[in-house]
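Any read-out appearing in this document is the output of simple, stated calculations on the displayed coordinates, not a laboratory observation. For clarity, every value in this text was computed on a predicted model and none was experimentally measured. For neighbour counting, all protein chains shown are included, and Cβ atoms are generated from backbone atoms with ideal geometry for every residue, glycine included.
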Amino acid sequence: MVSWAGNIQDDPVRRTVLEGHAALERTADSLARSQAIAAETETLGGEVIAELGEQRESLLRSKRRLAETDDELTRSRSLMHKIACHAIKNKAILIILIVLEVAILSSIVYMKWFRK
């Protein structure tokens with residue numbers, strides 16, 4: 001029979017139990033560290049997801065503003081084209097009027113000076 005006051009190294013069963021208990025404590029410590037890391041990772045993941053959601057909203061707003069800007073540019077190009085067409089039409093009318101005035105003046109000068 002083994003006495004409890006005896007040397008631990010003398011009793012292999014007690015040594016095995018103590019080694020098993022130490023291994024169990026190390027495993028529990030490791031598990032506690034793993035749980036702490038998992039909780040920290042979960043918190044960090046939640047923060048990352050929230051930030052990504054904000055960035056998504058920001059990108060969607062930018063996309064809407066870009067689409068609105070594109071629409072405005074399309075309307076502006078259309079107006080610029082209309083303005084250019086009106087300017088060309090006005091220049092053509094002005095040229096025709098100038099030619100008519102020169103023709104009328106020429107005919108008046110011809111009738112007054114050369115026709116007797």
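A few notes on this one:
- Within the option set 89, 82, 112, being assigned to a helix (DSSP H, G or I), among the basic types (Lys, Arg) and surrounded by fewer than 10 Cβ atoms within 10 Å (Cβ to Cβ) holds for one residue only, 112.
- Residue within the range 9-27 that is surrounded by 10 or more Cβ atoms within 10 Å (Cβ to Cβ), of a type in the set (A, V, I, L, M) and within 47 Å of the chain's Cα centre (by Cα) present: no
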